[in-house]
Structure formats: C-alpha cells, structure tokens
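Report on one structure; see the data block that follows.
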Amino acid sequence: MIKGLKKWRLFSLLAVFAVFLAGCGQEEISTFQPAGQVAKDQFNLLLLASGIMLLVIIVVVAIFLIALVRFRRSKLGEDHMPEQVEGSHTLEMVWTFIPILLVLILAVPTVYYTYKLGDVKAMEAVDEDGNAENLVVDVTAKLYWWEFEYPDLGIVTAQELVVPTHEKVYFNLIAADVKHSFWIPSVGGKLDTNVENVNKFYLSFEKESEGLKDGVFYGKCAELCGPSHALMDFKVKTLPRDQFDDWVASMQKTADEPVVANADGEEVFAQSCIGCHAVSGVGESGAQGPNLATFGDRNRVAGFLEHDEENLKDWIRDTQKHKPGNIMPSFSEDQISDAELDALADYLMGLKVEK
Amino acid sequence: MSSVAQKRGFGATLWDWLTTVDHKKIGILYLLGGLFFFVLGGIEAMIIRLQLMTPNNDLVSAGLFNDLITMHGTTMIFLAAMPILFGFMNAIVPLQIGARDVAFPFINSLGFWMFAFGGLFLNISWLFGEVPDAGWTSYASLSLHSPGHGIDFYAIGLQIAGGGTLMAGINFLVTIINMRAPGMTYMRMPLFTWTTFVASAMILFAFPPLTIGLFFLTFDRMFSGNFFDHTMGGNTIIWEHIFWIFGHPEVYILILPAFGIFSEIFATFSRKRLFGYTAMVFATVLIGFLGFMVWAHHMFTVGLGPTANAIFAVATMAIAVPTGVKIFNWLLTIWGGSIKVTTPMLYALGFIPSFVMGGVTGVMQGAAPLDYQLHDTYFIVAHFHYVIVGGVVLAIFAALHYWWPKMFGTMLHEGLGKITFVFFFIGFHMTFLIQHWLGFWGMPRRVWTFMDGQGWNMANMISTIGALLMAIGFTVMVINIVMTTIKNERVGNDPWGDGRTLEWAIPSPPVFYNFAQTPLIRGLDTLWVEKMDGSKEMITPAEPVTDIHMPNGSIIPLLMTLGLFIAGFGAMFHQETSWGLPVLIFGLAFTFVMMAARSLKDDLGFYVTKEQILEDMKNEKGGRN
C-alpha cells in the first residue's frame, strides 16, 4: 500500500515534470529554450514582461473575486440599495500612477534592447587587409525557398543555413518576389524580407546543432506569402568555427571537384535540371532554383519532406502536389524515365560536402 | 404612416424594411446582417480549426485555407463585429440621448445598404471561386501577386462597405452633438453614447486612409497603377503604413463601444452608478487619441529601425494606462454594489479576466524586441482573439441579451443564455489560451498545415475542441433567439427592473417617434434620477404635446448602392471583357442619377399629429404591440 503510494507520488512528480518540459517546447524550435544571445535577450524581456503582467492579472482577479463574493444581491437581499458613490480622486491617482510605473519598468529595457538588437554598425568593419571582420550572410527569400549567399567567401547554398557558433553573424535580408519573413525561433526574433529594400540584423548562435533531434535548428517563414507559406521551412546547422571553416573550404572546392555518385544521374541532371539548379557551391545568389551542392547533407527534401530517395522522386514527379504554387515544373515519365529518376536520385543524394 | 400596426401583406412589409429610415429598424437590419455574416465567419473559423486539428491534415487545400483565413478575418471585422455594434448604436443611442431619430436618417439607411451590398460583393467571390487570399491585411506584394479576381473582390467590396461605415460614423457624431435632449450635457451622457461618440470620431479619421489604400490597390490591380509595385517605383511598405493607420484605430473602434456596453451593464446590475464616470470618459477619449499614435507596432519586424520601433513601443505601452483605469473603475463599480448575475452581467463578469489577459499580452507585444519573437506567430493570434472575442464578441452577446427586450419587446431566455455563456466562455479560453504557447513554441500564424514532430499536435487538438464548444454555445443562442421570437411574451418599459438610462423609460419597443414629448434630462442616469424622485411618469417632459416632424422612408439609398455594386463588377472585368467598361460607366451613372433624384426632389417628411400622439399615449397604458 505504502509502496504503491510512493510509486504514485513518483509518477505524478514525473508527470508534472513532463508537463513542465513540454511547456518549454522542443529545443530546435522553441523560443523558451534560447540558443543564442539575441533569443536570450528576448527571453529575458519575456520573463520581465510576464512577471509584471502576472502581477496585474493577480491584482485584478483578486479584487474581482472578492467583489463577486461579497456583493451579491442574493446575499445582500433584493431590496438592498447600494450607496451611489461618484468616484475617488485618490484611487484614480493610484491606478493611474502605478501602471505608469509598471510601464516604465518595462519600457527602459525595451528601449535598451531595441537599440542593442538593431545595432549593425560592425557589419562593414574590415581588418587591416580589407577582409571583413564578421561573417555576413545575404539571405534571399523566394517562393517558397531560401537562398543563402556568403559574399565574402564566394559561396552560396540554399534551404540549409550553415553558420559558426559563438560569434555574431550578420544578415542582409531581401525577398525576390513577395514579402517573406526570416525567423529562427530558438536563435532570435524575426525580421521581414521586404521586396524593395535590404533589412539588416544579426544573430548569434551559441549552441551546436549536432545534438539536436534532427541535428539542425528549425527556421520558418513568418509572413503569409501564398499557398505554400506553411511549407517554406529552412534548417540551420551550427558548427564550431574550425568545422565551419572546413565546410567553407569544401564548399569552395565543389566548383573544381564535383562529386559524382552516379554518372547516369549526372547525365539526367545535365539534361533536365541544370537550367535552374547549380551543383557548385561557388557563386552568388539569384538562381532560379535552390543550389544543390549540399543536397546530400540536407535534412529535408524541398525544405519539409523526410530526406529520402522515395520523397525526392515523388517530389520531382509532382511538385505541385507537395508544394502548391511553387515554380518548379513536375517531370513525367516521358521526360525522365523511372530508371533515369533512380539514377538522378542517387546522384543528388551523393552531393555532399560534409564527411 | 401610423404607429398602430396593421395587418399588411408580405410585399408591403418588405417594402417598408427596404425603404425604412427609422433608426430602430435600421438597427435591427444591421443586427440581422451582422449576425448573418457572423455565422458565415464562424463557419470559416470552424473549417480552419478542423484543418489544423491534426498535423499534415488535408481537409482543405493550401489555397482554400488562405481563402478561409482571409475571409474569416475580413468578414468578422468589417461585416460582423462592426455592423452588429452599429446595430446597437442605432437602436439605443438616440433613445439614450432623448432623440426621435438620428441626425441624417436618409444617410443612415444609405450606410446600411452600402454595408449590405459591400458584404455581398465580397462574399460573391465564393461563387466565382476566386476568393481574396492575401490575409485580411492584404499586404501589397502578395496582393499584387495573387492571381484571379480574389483581391479585386476584397478591394471593391471593402470600398463599398467602408463608405457605409464612414457615413454611419459621421451620422452618429452629428446626432450626438446636435440631437441631445434639453439637459443632456456631455457629462451626463451614458457611457455607451460616449464610446459611440469617440468611436465615430475615430471612424471619421481612420476610414479615409483605408479608402485611399483600397483605391490605390484597385488602381494597381485593375487600372495598371503602380503605387505598390516596387519594380515600377512603387513601395509596398506604404500599403502597410496606410493599412495600419486605419487598422489600429479600427481595433479601438470595435472595443470602445464594447467598453460602453459593459459600463452600462455593470452599473445596471450592480444597482450603482458607474464609479469614476469622469475618469471613464477621459480614459475613453485618451484611448481614442492614442489609438492613432501606435500603428507601427504592427510593423516592428518590417525594419523601420530602432528609433521608430522604440518610439512606437513606448507609445503602445502608454495605452495600457487608460485601459487599466477603465478596468479598475469597473471593479470599483461592482465593489459595494448589489450584483445580480443575469445573462448580460455574466458576460460582463466574464469579460473582465478575459480582456485583462488580452490586454497584458498586448503590452508584451508592445515591447518591440520581444515582438520580434511573437510577431506573426500563434501568440498574436491568441492575443487578438482575446481582445476581440473576449472583449468585442462578449460585449455583443451581452448587449444582445441586455437590449433584446428594448429592440424586440420580448426577453431572451435567461437559462439558455447562461448555457450559451458557459459553452462559449470555456470554449473560448480552451481555444485561445493554449495558442499563446503555440506561438512560444515557434508556430507561425496563417499556416495551412504543420508537420508532425514539432511538439504542436496536442495544443492544436485542444484548440480545435475549444472551437467546437464555442460553436455549440452559439448554436444554443440561435435556438434561444428562435424560441423567444416564437413565444413572443411581451415585456414592459424596464424589464430588468434596474434600468438607469433613458431607453428604459419608454415602451419596449418604442413607438416610431420614440418620445411623445422630448424629455428633460435632470442628471446622469436619467431614469435613475426620476426613480429616486419617485416620479410616476419616469420622464419629465421638456415640451408640451405637439405635432412631431418625421422623415419619409425612401428606396433611393438602396438604389444608389445598387449602382455602386454594379459598377464594381464592371471595374473588375473591364480589362478582359468588352462589357466591363460600359457596365462600370452605367453603374456609376445610375448612382449619380439617384443622387440627383434625391437632391432635386424635395422630401419634406411628414407630421405626426397631436391627436395621434395623445391616442398613442393613452394606449400605452394598456400595453403596446
């Protein structure tokens, strides 16, 4: 009996703990588990704001409940005539100035963080040799995929952003067609990609994505951009600086040393795909379709499907079924036969720069 | 025309409703029209929630989902919430200030028909299968990119409906300024009249930007304008500014009348005058003013820069202060009162904690850097449903129960009313509370589906179940309305027994000229003053019984709107068809001819004779139809 009770206690404790953990969401996407300084600042502001707001709610609900219990007509009698109070200057002052005070407490850090997070002066900083001091990534949002160019490194990739940890990474954001919004929930708040101007901000990544569920952080488009807005996901891989440098080096090599896992597949690719997709990671943004130099390393097909050959082939056969409104044409059996498609999938899955 | 109801054929009754300029009938028309669109928007909401019940659901397609969210938002704001509130304003405000009608009865009718035809125009898009799909905000880059005529329906439909709103706003302003009975000073006006006044002033300044924005959009899409096309030197951010310069005040246009409704209900059912009346009025005006200073907080992530963001963040937080003043004054109104929990009071009591929660999350989003995380996630969806459902919709339901006897002469069933409340209130919190966390967990808004394995499944399921409860609650209310109407048990002047304001001093429903003699207002809570003085008539007349001048009904408002409605289709199809341009010209010409007819033909109205009034006053004692 006692033992059973103990077990029950342990179980309920675990249940509470589980609920608490669930309340924090999933590490790769939750704003409750900040994985960078920007998200941490925002999380702290959230804690402060929530604290103040909880206080307000508690005070209001307390007065409300007491009034509700004490002043019911059923208790006071049908004939009870309350005193017709006009108001009270003192009370009006109290509930004007205390809220002003509370708002000020929130306003000061708000203004501070607004300027802090908006500071991109270091973006153009160069050392004595004229090399950029900070990593800058140019992000171009397109219907419905993301292009990431590293202008100082001469490389470009898509759908999966790769960044070094423990340093500020600066972003230039723009949209190529309609407005989108660039958001990595666990690393920091979003910034819109407008069509007519470049938006700049920074994020810092302070946790390696290695140990995460899929080995990546989740990125989202946060501005309605058409039918497949919900599927306009991207992923973020964060690496220690030395590994990042290795990755950059292998990216830069893809131009001269292409990876060919399946020669037949390469031939199909050269016939049907190369008009829009590049397989060399060296280049600039502005491509018709996502750069595929790192396709084999990626976590998803088309940004959101499980990363396997089956999905890849399904996708190529009917892109509209998976991502309505996207601009990639579908390829029927007349255009790419089943055998060719197998080879193509094999080839694409072999496009890797990571070991 | 006579106040004595005669048996009339269906045709005559229909003609009477189509041509009416009586503010009480227009109020009922607004209410019915608004409730119709409320049901439509509600069905859209249910489909949205069913689609999001499980991950990777395919109940609706991606394109259809965007149609649904766009039409849900647009319908609920422009075609449900505002018209229903206009319904109450029309039905009640003239009674509260002791007027016989609004200042411009003809324009009042025109306003209603523009709303009705605008709403119809927008929703006809469903029949064409080309539905607005860029969200109710219709941001320019996407709305220009959207194929088909969907966005055209949005631009023209809202243009027509918005014109009606502007007219209604101006009409209420003039009515409240000019038509108050003797003694009804500004500081004796009931809070519902005050909030109507401020909301109308906001309409006056907020709707012209929308009109201009929609014209720009119309020109861009249908007449090759380039206001927003950045490749031709346009700018999409301009649309965002224009939209939110309208859009933010719009939220206060909705919530202020709701505040007014609750102020009346708290005072009535606490049997106590509103605590801090002066402060309440001042807070209302201040909210109305500040409402125009904060639009860019909808655009913190647009990249306006830290200075703009910081200024708008602080301005936004400032609104919390007058809103807080209101909350505490309501609390102190019920404090020390004699609280009777009727159905309207139940809604008012439910409103306090719900709205406070919606308010504080608003302040949280006012903190710009925090908003970078919360913007366009399910957190904001939760926030604005907490203020709009927890504020405006609860107010609409409360007012429906509260003023139903005054508008229709019969009481909604209290028991069913409370059942409605329980289902709706629990369902509401169940639907939207959890959505705050969905936002924290990284779920963006306006997504037609979501992938499994992101930790959002359970919360979405809970949210959908809550929405079903809300639907059940609303269904009970519809049953209640139908049953009450069939039973038709007549009630007297002051069915709640604790009425404080002037509308409760006259029969339910009032005669078409409202007051046989214009009342003399002797203080705040006019009826309460009379009750405390033990006066038998409940109204101190300010004039002897004399002939009353009343306006004639007219079909012209409906025809004028019909012209605009036809012109709308012409504009939409003029690029691809040969008949488009002639239809556009015909529609506009038709409207102008109708305007000319109105201007050139003098309509002097008619007089209700003294004998008629004396007869009515005698009949009144024996009950009224």
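Quick notes on this structure:
- Computed from the Cβ-Cβ distance with R0 of 45 Å, the FRET efficiency linking A:ALA62 to A:LYS116 stands at 0.80.
- Cα long-axis angle, helix B:580-600 against chain B (0 to 90 degrees, to the nearest 10): 20 degrees
- In this structure, B:ASN457 and B:ASN488 have a Cβ-Cβ separation that, at R0 = 41 Å, corresponds to a calculated FRET efficiency of about 0.25.
- For the range B:237-242, putting each phi into the Karplus relation 6.51 cos²θ - 1.76 cosθ + 1.60 with θ = phi - 60° gives couplings of 5, 4, 4, 4, 4, 4 Hz, in residue order, rounded to whole numbers and with x for Gly and Pro.
- Calculated Rg and Dmax of the range B:283-418 using C-alpha coordinates, Å: 17.9, 57
- Look at the alpha carbon pairs under 8 Å that are at least 6 residues apart: their mean separation over the length of chain B gives a relative contact order of 16 percent.
- Binning the alpha carbon pair distances of the range A:263-349 at 5 angstrom intervals from zero yields the distribution 3, 14, 25, 29, 22, 7, 1, expressed in whole percent.
- Relative to the dominant Cα principal axis of chain B, helix B:105-128 is inclined by about 30°.
- Long-range Cα-Cα pairs in the range B:423-520 (distance over 19 Å), rounded percent: 65 percent
- The calculated Kirkwood hydrodynamic radius for chain A is 24.1 Å, given to one decimal from all distinct C-alpha pairs.
- Distances between placed amide hydrogens fall under 5 Å for A:THR193 paired with A:HIS180, A:SER181, A:PHE182, all partners being 5 or more residues away or on another chain.
- Each residue, B:ASP58 and B:HIS549, gets one label point 7 Å from its Cα in the Cβ direction; the gap between the two is 6.9 nm.
- 3J(HN,Hα) couplings calculated from phi for the range A:112-119 with the Karplus curve 6.51 cos²θ - 1.76 cosθ + 1.60 (θ = phi - 60°) are, in sequence order, 4, 5, 4, 6, 4, 6, x, 7 Hz; Gly and Pro show x.
- Antiparallel DSSP beta bridges within chain A, percent to nearest 5: 70 percent
- Taking other C-beta atoms within 10 Å as the exposure proxy, A:LEU161, B:LEU35 rank B:LEU35, A:LEU161 from fewest upward.
- A simple spin-label model places the labels of B:LEU127 and A:GLU83 6.4 nm from each other, with each point 7 Å out along Cα-to-Cβ.
- Proximal lysines to A:LYS116, defined as alpha-carbon separation beneath 24 angstrom and excluding residues fewer than eight positions away on the same chain: A:LYS40, A:LYS168, A:LYS190, A:LYS200, A:LYS207, A:LYS220
- Stokes-Einstein D in µm²/s, Kirkwood radius over Cα pairs - the range B:82-169 at 4 °C with 1.567 mPa s viscosity: 90 µm²/s
- Order of A:ASP245, B:ASP602, B:ASP133 - criterion: other Cβ atoms within 10 Å of each residue's Cβ, fewest first: B:ASP602, A:ASP245, B:ASP133
- Rounded to the nearest whole angstrom, the semi-axes of the ellipsoid equivalent to chain B, taken from the Cα gyration tensor as √(5λ), stand at 39, 31, 23, largest first.
- Spin-label pair A:ASP152/A:VAL69, simplified geometry with 7 Å Cα→Cβ offset, distance in nm: 6.3 nm
- Hz values of 3J(HN,Hα) by residue in the range B:514-522 - Karplus curve (6.51, -1.76, 1.60), Gly and Pro given as x: 6, 10, 4, 10, 4, x, 9, 8, 10
- Pairs of Cα atoms farther than 57 Å apart, the protein assembly as shown, %: 18 percent
- Each distinct pair of alpha carbons in the range B:152-274 adds a 1/r term; the inverse of their mean, the Kirkwood radius, is 16.5 Å.
- Violating pairs (Cα-Cα greater than 28 angstrom) within the set A:LYS253/A:LYS321; B:LYS406/B:LYS601; B:LYS340/B:LYS536; A:LYS142/A:LYS313; A:LYS75/B:LYS418; A:LYS179/B:LYS326: A:LYS253/A:LYS321; B:LYS406/B:LYS601; A:LYS179/B:LYS326
- Structural descriptor for the range A:263-349: relative contact order 36 percent, calculated from alpha carbon pairs under 8 angstrom and at least 6 residues apart.
- Angle between chain A longest axis and helix A:37-70 axis [Cα atoms, degrees, rounded to 10]: 30 degrees
Here, each number is a calculation from the coordinates, and none is a lab measurement. Being a predicted model, the structure only gives us computed values, none of them experimental. Backbone-built Cβ (ideal geometry, glycine too); neighbour counts: all protein chains shown.
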